[in-house]
Amino acid sequence: VAPYERPALSKAYLFPEGAARLPGFHVCVGSGGERLLPEWYKEKGIELILSTEIVKADLPANTLVSAAGETFKYQILIIATGSTVIKLTDFGVQGADAKNIFYLREIDDADKLVEAIKAKKNGKAVIVGGGYIGLELGAALKINNLDVSMVYPEPWCMPRLFTSGIAAFYEGYYANKGIKIIKGTVAVGFTSDSNGEVKEVQLKDGRVLEADIVVVGVGGRPLTALFKGQVEEEMGGIKTDAFFKTSVPTVYAVGDVATFPLKLYNELRRVEHVDHARKSAEQAVKAIKGLEKGQSVDEYDYLPYFYSRSFDLAWQFYGDNVGDTVLFGDNNPQSPKPKFGSYWIKDGKVVGAFLEGGSAEENQAIAKVAKLQPKAENL
């Protein structure tokens with residue numbers, strides 16, 4: 001299929017009614033852009049080649065080779081391969097190849113999950129992982145009337161971003177919705193029935209959970225294998241400059257695979273998020289066009305941004321989650337309309353801001369704070 005907005009897959013795509021379907025979420029409707037249907041590419045003179053996997057890249061020769069043996073020559077290459085999902089079978093977890101153990105990365109994965117939800121009506125679902133995918137799918141499966149348990153090794157959910165104070169709210173809210181949360185342990189094995197469908201999840205702490213559906217969300221890794229040894233790499237990604245040019249002048253890299261200079265914090269970062277995927281692509285194209293016309297382009301000046309929606313909740317985060325934190329507002333999971341946030345303060349400045357339940361104006365306001373980094377001498 002033509003490029004689409006991946007975040008829809010863990011949200012509205014799984015709704016029991018009014019579900020999102022293509023062509024509703026082709027690129028780039030998520031940011032209020034034009035919806036690029038397959039015919040859009042034709043109109044713009046862009047050749048869209050689907051169902052074609054590139055299996056070899058020869059950067060010195062400016063050549064790509066497809067699985068079918070076709071050769072593609074280029075003058076400029078943009079690497080936008082994104083990430084691939086980490087699977088439990090990669091670690092040899094026993095029984096992890098059973099049927100009805102799902103990962104969510106592609107639209108095919110989402111379709112299979114939708115079928116399983118219909119087939120296992122009112123059944124038991126186990127979510128392995130307490131990050132983005134875990135929290136969003138925990139909510140989606142609960143909305144589909146499944147009995148949901150979430151399992152993750154960390155002391156609280158979304159530990160890469162959330163403080164314990166923020167996480168306590170979401171864990172409480174999910175518990176109120178009837179989702180069982182099991183922390184501090186991992187899935188070490190799965191048993192299946194005579195049809196090869198998953199039946200039980202075995203945990204490291206000895207507990208055994210019944211399961212009709214298992215969804216695993218334990219992270220992704222950037223897809224850089226095609227280019228190994230041909231471009232400079234850093235922090236698991238392909239190293240670029242502020243225009244997303246790699247160590248090979250004719251090659252650019254954008255999105256999840258790019259490790260780029262984050263101007264605001266004066267350090268190299270790799271960001272796995274749809275917002276940066278869109279904006280880095282835009283920057284690379286501006287830079288390529290600028291070079292053609294001999295015009296200078298500003299360096300990429302990105303403000304990290306993350307968001308999520310589940311149940312009636314919606315949060316946004318801007319900036320950097322380092323330093324000391326201040327929690328404010330009403331973070332009682334029992335509240336009819338909870339609304340709270342957190343600031344991160346480092347070296348006497350506000351460097352990050354998080355808000356649950358904010359209006360559009362309020363979300364813009366926390367973005368501004370994270371960008372301007374006002375002084376905060378005293379917590």
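The values are calculated or read from the model by the stated rules, or taken from the named source; none is laboratory data. Here the structure is a predicted model, which is why all the values come from computation and not from measurement. Glycine also receives a Cβ, built like all others from the backbone with ideal geometry; neighbour counts cover every protein chain displayed. The accessibility values were calculated without ligands, DNA or RNA, using every heavy atom of the protein model including side chains. Shrake-Rupley method; radii C 1.70, N 1.55, O 1.52, S 1.80 Å.
Just a few scattered comments:
- Considering segment 192-272, the qualifying strands (runs of 3 or more DSSP E), each wholly inside and each with 2 or more residues that are closer than 30 Å to residue 113 by Cα, run over 198-203, 208-210, 213-216, 220-222.
- Leading residue by the ranking (nearest to residue 286 (Cα to Cα)) among those in segment 227-247 that are surrounded by fewer than 18 Cβ atoms within 10 Å (Cβ to Cβ) and of a type in the set (A, V, I, L, M, F, W, C): 242
- In segment 170-191, the residues that are polar (S, T, N, Q), surrounded by 13 or more Cβ atoms within 10 Å (Cβ to Cβ) and not in a strand (DSSP E or B): 185
- Residue 204 vs. criteria among the charged types (D, E, K, R), open to solvent by 10 Å² or more (accessible area, probe 1.4 Å), farther than 20 Å from residue 136 by Cβ and out of contact with any strand residue (DSSP E or B) (no Cβ under 9 Å at 6 or more places or on another chain): no
- A single member of 355, 291, 327 is of a type in the set (A, V, I, L, M), at pLDDT 95 or above and in a helix (DSSP H, G or I), and it is 291.
- Considering (1) part of a loop (DSSP other than H, G, I, E, B); (2) among the hydrophobic types (A, V, I, L, M, F, W, C); (3) touching a residue at least 40 places away in the same chain (Cβ under 8 Å), the lone condition that residue 166 does not fulfil carries the number (1).
- Residue check, residue 271 closer than 30 Å to residue 171 by Cα and either charged (D, E, K, R) or not assigned by the TED database to the domain that holds residue 175 (or both): yes
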